[in-house]
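One structure below.
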Amino acid sequence: MASNNQYELKEILSRFNINTDIEVYGNGHINDTYLCETAPRFILQKINTNVFNNPTDVMENIYNVTKHLSEKIKKAGGDADRETLTVIPTKNNEIYYKNSDGACFRMYKYIENSVSYDVAEDPKILCSAGRAFGKFQKMLSDFPAEKLHETIIDFHNTPIRVKQLETAIENNSANRLDNVKEEIEFAKRYAKYADKIVSEMALGTVPLRVTHNDTKLNNVLFDEKTNDGVCVIDLDTVMSGSLLYDFGDALRFGASSCVEDETDENKIWFDLEKFEQFAKGFLSEVKDCLTQKEIELLPVSALIMTYECGIRFLADYLNGDTYFKIHKENHNLDRARNQFKLVEDIESKFNDMAKIVAKYVNN
Ligand code: ADP
Ligand code: GN1
Ligand code: MG
């Protein structure tokens, strides 16, 4: 990453009235993130315009959503500088800066005394994450959805993700098809799950809500001392969607026994204790507003979102790694295999998951 040299970055910073040293920061797969060593500190991000081709839409969503959250947090007596992202405008009072090459940059307040995790050693962290995402969902339940732009169309439409994989197979543009015969077989076998959320959404049994849509564990910041969830970040994909996307996607990553690119099969499993902790935290915030169908689909949502992410990684591998950042050869293939191992394990644990859900929905 860091295709921008220090000289270019200094020029960008000057647009926000900042003059400081800057370093590459965080483990996201999409944007380029930098930490500004000012006092107080800031986060500079280069928005990935290959992924988000309308950065104005993205920033309008983030601006409006964070304003809504900030008002709610203040009313509840909380610290809005810490419990939600704050967009820092440019000197010209714009919500992001576009340079002459068309590159787009935004600035946030840095959330001090916080940590993010790529894997949770202590399952209790999952309870904090569940609470944080559940509360996020609740605080946005009265946000006017019609104000939100759809920043990535059909982002969690799993049947369309299956079609995108089929196109990647047909095109075979990076000439890698021979390496993934088994994975393609796997993807076809599990495609039977793909429409289980969207078909219920079409029927109205699973309602549209304002959702985060990228509820990875490292998109929550935790208090470095208490491990309580402090702030939900990475708001690029806040759009109308299903609560099941947020629940399932959080478990895909957070309830894994290992990091997302672990290659040793023996180290990859779906951890029911982490599942229970996340369900406990999340449901403590949202259980009163769930429909019967949402409750029924909570366990399978973890499989669907893990499957969807697996086929996205596989399609990107076939396309020549054009979407997700990679840091080593076959990185997307390793990630896809990891997700598929989790899918199998989740499928074998549905009964236990349903019992856990029942326990926290009913108390
Ligand atoms: P990406 O879309 O690439 O995942 P994120 O917005 O999630 O980008 O940022 C990447 C990482 O940078 C996060 O996982 C988090 O560790 C860190 N980060 C981002 N914004 C902030 C912030 N305002 N304060 C502290 N850390 C942040
Ligand atoms: C990306 O941006 P980040 O790293 O938090 C991706 C998610 C995937 C995830 C897989 C906008 O999330 O959809 O689930 O990688 N975000 C986008 O780790 O595509
Ligand atoms: Mg992120």
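Observations on the model:
- One residue alone among D234, D228 is within 16 Å of ligand 1 (Cβ to nearest atom), open to solvent by 70 Å² or more (accessible area, probe 1.4 Å) and touching a helix residue (DSSP H, G or I) at 6+ places or on another chain (Cβ under 9 Å), and that residue is D228.
- Filter result for V259 (open to solvent by 10 Å² or more (accessible area, probe 1.4 Å), of a type in the set (V, I, T) and within 16 Å of ligand 3 (Cβ to nearest atom)): yes
- Filter result for I62 (surrounded by 15 or more Cβ atoms within 10 Å (Cβ to Cβ) and in contact with a Phe, Trp or Tyr (Cβ under 8 Å, 6 or more places away or on another chain)): no
- Among residues of the range 312-325 that are more than 16 Å from ligand 1 (Cβ to nearest atom), those with a Cβ under 7 angstrom from a residue that is part of a loop (DSSP other than H, G, I, E, B) and not charged (D, E, K, R), sequence gap 6+ or separate chain, pair up as L318/N172; L318/A174; N319/S173; N319/A174; G320/S173; G320/A174.
- Condition met for T167 (among the hydroxyl-bearing types (S, T, Y) and surrounded by 14 or more Cβ atoms within 10 Å (Cβ to Cβ)): no
- From the options I73, I18, residue that is farther than 22 Å from K135 by Cβ and not acidic (D, E): I18
- Scanning the range 149-160 turns up one or more residues that are surrounded by fewer than 18 Cβ atoms within 10 Å (Cβ to Cβ) and in a helix (DSSP H, G or I).
- Any hit, the range 59-72, residues being within 14 Å of ligand 1 (Cβ to nearest atom) and in contact with a Cys (Cβ under 7 Å, 6 or more places away or on another chain): no
- Any strands (runs of 3 or more DSSP E) falling wholly within the range 9-48 and containing at least 1 residues that are open to solvent by 30 Å² or more (accessible area, probe 1.4 Å) and within 15 Å of ligand 2 (Cβ to nearest atom): 22-24, 42-46
The values are calculated or read from the model by the stated rules, or taken from the named source; none is laboratory data. These numbers were taken from a predicted model, which means no experiment stands behind them. With ideal geometry, Cβ positions are generated from the backbone for all residues, glycine too; neighbour counts draw on all protein chains shown. All accessible areas refer to the heavy atoms of the entire protein, side chains included, with ligands and DNA or RNA removed. Shrake-Rupley method; radii C 1.70, N 1.55, O 1.52, S 1.80 Å.
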